[in-house]
Every structure is written in structure tokens, then in C-alpha cells.
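The block underneath contains the structure these notes are about, expressed in C-alpha cells.
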Amino acid sequence: MKMTGADKVSSKTSEPEKSADTVSEQRYQPFYRPEDLADLGYQRDLGDPGEFPYTRGVHSTMYREKLWTMRQFSGFGSPEETNRRSKFLLEKGQTGLSIAFDLPTLMGLDSDNPFSEGEVGKCGVVIDSLEDMEILFEGIPLDRVTTSMTINAPAAVLLAMYVAVAEKQGVDPAHLSGTLQNDILKEFIAQKEWIYPPEPSMRLVVNSIQFCTQHLPRYNSISISGYHIREAGSTAVQELAFTLRDGIEYVEWCLRAGMKVDEFAPRLSFFFDSHNNLFEEVAKFRAARQLWAYIMRDRFGAREKRSWMCRFHTHTAGCSLTAQQPLNNVIRTAIQALAAVLGGTNSLHTTSMDEALALPTEAAVQMALRTQQILAHESGIPDTVDPLGGSFFVERLTQEVEGEARKYMETIDGMGGMISAIEKGFPQREIQEASYQHQRAVETGEKLVVGVNEFQTDESPPVETLRIGPETRKGQCQRLDKLRSRRDTRAVKRALSELKEAARSDKNLMPLLIEAAKEYATLGEICETLKEVFGEYREPSF
Amino acid sequence: MKGKKIRVVVAKPGLDGHDRGAKVVARALRDAGMEVIYTGLRQTPEQIVQTALQEDADAVGLSILSGAHMTLFTRVAELLKEHEAEDILVFGGGIIPDEDIPKLEEIGVARIFQPSTTTTEIIDFLEANLQVQE
């Protein structure tokens, strides 16, 4: 990749130039000209919106016809509390739900497990059994909302509970739409909420994708996520490259399980971060669509248009929020949301200004949602698809991001794929290095963060924060006690032993997980049963 | 500990997997010439205190972003007291609201570093406080 005129548009040009191995670090030209796009082919690299390779958007009309889904990630405390917050958001005009689970749930532990002490309901809602899931969606008809569930290691179990709740509500699973995060690879790479080793973990992912393909045709069975990779400190290029390479890994595993690419690929979805560098983010989103379209068509021979489309959710960057002068975060979030919309996101979460301090309050969440509504209804941006298309700068940047990401993906191919790269610690180390370099740049003042290393003020206005007390765990433990004495113990034992038996075979585990959920086996019991067969993952040290 | 390098255990108690901050701090302390033992994820307070004792640590740095700090920091401080190892300096960081800081200081956490703290501040703090004890 050639880089010409390496002058950054910044007053700080005295810094020695670092090895420009990522776009985040590279110096931009002062301006761009038609010659910078000499290699660009319209049909090959861009295409009209709705046309291969979808660089300009997956639909020809985009937001003119249908705005992005405004989907605020939410969840805390007991299932009752999150049920109330969900209803609040739906009343305020939010169009989809996105459920955050607490750490014990993410790790497949019940509230009464000693490891859960201090964590129950803290950074998401607690789910111990189907009973909690029923409460979580009480009064929310599952055929009328789309629900995104941010859960990974035990994703198959939560999906089983979701299907069971739908059936109890009288909703045909075929009518369920929404998204299961279900992306275990980025857990090993960045988010680190794993249970089982990579191979059985991948089996659970493949089982759930296969089940959804057959029974939940409108449901996104996985959300291949770059968000956590970026939040762990990666650059934009690393985020894109590792995410799409994870996508390749899932496709390969599904194919190996005997599925046909066009059966499942249309329901693969993606999830990206949107950070502060407006144009780099826009370039990243456009490059993501272009890369994925070529990967699916040429590498995997997909024929269906929907298999080629990289549809994605975007979450503005939590890690960009500062504890100092929290009101400034409103502006950061607005810029990041703008990048996501200019980049053609399909749905969006905007972070709340108080999230560097604690879980957001209702007022802060409302302002975050209002940010999206102003973009949607007042800015005029939705009137034109891909409004930055054709900008010398943005097109050039899109091609550079794409080229850099492709190189990373080739490196991982050379290592024998993502699981092998993870075992070698490659993506983990790359992220650690980028994160450390970022911190150093902030500390040396090379990167300026308003209110943090420049333009500081002494006073920090008190921001009201939301607290989750220990009573949530107490309540859950009592509920578990009651559940365990009320349910049919023999039926639970039978369901769990059948599950264990199936885990030893190569059967799809989804039907047995649904059976176990319906008998009110707890999340912890189900995950423990699988641990007995699959073992547990231990991270090698890097 | 005169003439010796400062030894710091950097630990991730509880279930929280957010290790970006802990790893950046661990590396910065190492670059500043300290000996750093990073425990890895999902350590119980018992394990952390055992590591601190075995490693003859001068300080223990705890990082939690999940909101479980009151429970887990308290437990670490209590266990150090039980082992008569209060001389080990405890410091912490993460998403910790202002109002929790006095309570944590009361139970023996010497200092809480909130988001956007520089690694230099942490290094200066450790050097200043651990020299006092020499």
C-alpha cells in the first residue's frame, strides 16, 4: 500500500513518525485528489447501494425506506427490573430490545454459586432459570419485538430458554426475530468470558446456528463482534480484520458440519464499535461490507445475495467515554453515532454519558436515544444513501482500511485459522500492544483527550449513578431455593443426563437444551453438566 | 526492601474479564523497573492474597470493572489483615463511583485510581508510598 504526502493534519507534527502499521497510526494527506482514486473501479470496489460488493450499503434505499433500528443495550438487577426498563425504552420509541446479562449468567453460574458473590445483577440482568426468562419478557410479546441477547459461552442455553418462553407465550419460534451474540471466538480474543475450550465451544455455536437455520428462519443466530476487540484496545483495522476472520472461521465450521453456505450465511450478522475518528470509522464500515461480500462469494462460493451482505449493529465506543467532564461524552457519542449512520449501520446503540462512572441512569439513557432520534429525524442524513460515497478521502481511506485488514486476515490464514492464531496468542498480543501504545500516546500528550490530558477543570459535577445492591443476589438465591423444591427433580435429572449423553455424541444439543430449560434445570446446572464432558478453558499467559 | 525492586501483584478478582487496564498497568509498572506478577483472570480473594504472600509483594493492585469491587476489595483487605500482612499496600482501579472511595479507604485500600488515570500517576504513587516504608 503506498502512502504519499505523510503529513498529518494536526499541529503536532514534531513527533517522530512511528511505524505506520495500522491506519489508526498512519498520517493522512492534507487533501486528496482524483489521482488518489486512480485504482478504484466503481463496479468492482463500490457498486450502487444494494449491489455487490455492497460497499455503499446493503439496501438500495437504506434509511429512506427504513431507519436503522435504535437498539439500546440494557439490563441490570433482577429480571423484574430489566423488564421494567425494557418497557420504558419501548414506550420511549425504541424499536428493539438488547439484553445485557450479568457476569455470573455470562459465565454460566447460578446466583447461589460462591463465585457469584458481589456480581449478581451488576453489569446486566441475572438469569438463573427459565422462570427468570419468563419474568424478563412478561408483557412483551416476542413475535412483536426483536430481541438481541448479548450472551456467548452459554448462548445456546439462553437461546433454548428464549424458545421455551416463546412457546409459553404461544408464539411460533418461526416468528422470532432478533440476534444472539453467540460469538465465542472474540471471547477468547478480547472479552474473556469463556467456559469451555475452543473446540466444544465452537460445536455449541454450530449447533445453535444449525438449529436456527431449521427452526428460527428470521433469527440472527450469531453476531460476529468486533466491538469487544476494539474496546480491549485494538485499532480499527485490527477490529475489522479479526472480526471478519472470526466470521470465516464460523463459516468453515458450519460447512464442515454439513451445512450449505446459502442456508445459514444470510443469518450471520456482525457487530462493530464506532470510535472517535469519524472518517476512519466510516471507511471501516464500508470496507467491512466490501470485504465480506468478496469473501462469501469468492472464498465460499455463496450464490444468494443475502449471503454476501454484511449486516451489522453498531455500538458507540464505551472506552472513549471519560470520567472527567462526563457531559463531553454526549458529544463524543453523537460523533460516533454519526459515523455509524454515515457508514450505513443496520442498528445502533448509543452509549450514555455516565457510563465511565457506573451503569447509566434513565435520564442518560434517554439522552443517548434522543441523539439517534435527532440524527434520524432532524439531520437530513437518511435522505441520501451513502452520502460520503465518492469523497476522494473517504474512498481512498476505505480502500486502505480494506487492504490492511486483508493483510491481517492472510496472516491468520497462514497460521492455520483463527483458533490456531488464538492458541498462539496472536490477536491477543496485537491488541495488547495497540492498547499499550494508545495509553502511552495519551500520557505523552501525542493523543489529546479533551478534559483528560488537556482542557481539564478542577470541579467534577456530581453525576447521579445507578447502584445495584446485594439484595438482588439474595432475592435470586431465595427464588432458586423455591424453584428447586417446586420443580420435578426426577425430570430435571433425566433431562440433564440425556444432555450429557448427547454431549458425548455428535448430536445437535439444542433440542435437549430446550427440554432441560423447560424442566427448569438452572443455567448453572446445565453448564456444569456440559463442563463434565467438555472441560474448562484456561487461558495461556501472554 | 532497601535496594530491592518494588514487587507488585496485579490481580483481576472475580468474574470480570475486562483486562485491558490491568495489563496496561502491569506493563507500565514493569517498564518503570518494578517486578510485576500478573495473576490472570478470575482469581478469588484467597488466591490473590496467597500470591501476594508467596511473592513477598510490596503492593497488590486490584482491577474490577464489573461493579463487584465493594465485595471483593473488602475481602482482599480482610484476608491481608488475617495474615498480618497489612503492610502490603493495596490499590485498585476500575469503574468505581466516587462515593465508594471513602468506604474503600476505610477498609484499607490505600488508593483508588478511576478511569483516565495515567500510568505515571500510579508509578509515582507506588514509588512515593513504598519508599516511606523503607
Log entry: pair-distance distribution for the protein assembly as shown, C-alpha pairs binned every 10 Å from zero, whole % per bin is 3, 15, 26, 28, 19, 8, 2, 0
Summed over the other residues with a beta carbon less than 10 angstrom from that of A:Phe392, with K and R at +1 and D and E at -1, the charge totals -1
Each residue of A:189-199 has, on average, a number of other protein chain C-beta atoms within 10 Å of its C-beta equal to 2
Simple spin-label estimate for A:Glu536/A:Lys493, 7 Å along Cα→Cβ, in nm, reads 2.5
Residue-ordered couplings for segment B:111-118, obtained by feeding phi - 60° into the Karplus form 6.51 cos²θ - 1.76 cosθ + 1.60 and rounding to whole Hz (Gly and Pro as x), are 7, 10, 9, 8, x, 6, 5, 8
One finds the C-alpha centres of segment B:52-78 and segment A:515-531 to be spaced, in Å, by 32
Scalar couplings 3J(HN,Hα) for segment A:319-325 by Karplus 6.51 cos²θ - 1.76 cosθ + 1.60 (θ = phi - 60°), nearest whole Hz, x for Gly and Pro, are 6, 8, 6, 10, 6, 6, 6
Fewest-first ordering of A:Phe272, B:Phe113, A:Phe242 by Cβ atoms within 10 Å yields B:Phe113, A:Phe272, A:Phe242
Using alpha carbon centers only, segment A:326-393 is separated from segment A:122-156 by a whole-angstrom value of 26
Expressed in µm² per second, the diffusion coefficient of segment B:47-134 from the Stokes-Einstein equation, with Rh the Kirkwood radius over alpha carbon pairs, at 10 °C and 1.306 mPa s, is 120
With +1 on the Cβ of every Lys and Arg and -1 on the Cβ of every Asp and Glu, the dipole magnitude of chain B about its Cα centre, in debye rounded to the nearest 20, is 540
In whole Hz, the Karplus estimates of ³J(HN,Hα) for segment A:40-47 (6.51, -1.76, 1.60; θ = phi - 60°; x where Gly or Pro) are 7, x, 4, 5, 6, 9, 10, x
From the Cα centre of segment A:198-229 to that of segment A:402-468, the distance in Å is 26
Here the percent of antiparallel bridges among DSSP beta bridges lying wholly in chain A, to the nearest 5, is 5
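In what sequence do A:Tyr408, A:Tyr162 fall when counting other Cβ within 10 Å, fewest first?
Least to most surrounded, the residues fall as A:Tyr408, A:Tyr162.
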Excluding residues fewer than 8 positions from B:Lys4 in its own chain, the aspartates and glutamates with Cα under 14 Å of it are B:Glu35, B:Glu55, B:Asp56, B:Asp58, B:Glu127, B:Glu134
Exposure proxy check on A:Thr529, A:Thr465: fewest-to-most Cβ neighbours within 10 Å is A:Thr465, A:Thr529
Most packed first (mean Cβ within 10 Å per residue), the peptides A:442-451, A:56-65 order as A:56-65, A:442-451
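Calculate the mean, over all residues of peptide A:113-122, of how many other protein chain Cβ atoms lie within 10 angstrom of the residue's Cβ.
That works out to 5 on average.
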In the structure shown, of A:Lys186/B:Lys23; B:Lys12/B:Lys81; A:Lys122/A:Lys284; A:Lys192/A:Lys507, the pairs separated by more than 22 angstrom at the C-alpha atoms are A:Lys122/A:Lys284; A:Lys192/A:Lys507
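Read the figures in this text as sums done on the coordinates, not as results from a lab. Because the structure is a prediction, the values reported are computed rather than measured. For neighbour counting, all protein chains shown are included, and Cβ atoms are generated from backbone atoms with ideal geometry for every residue, glycine included.
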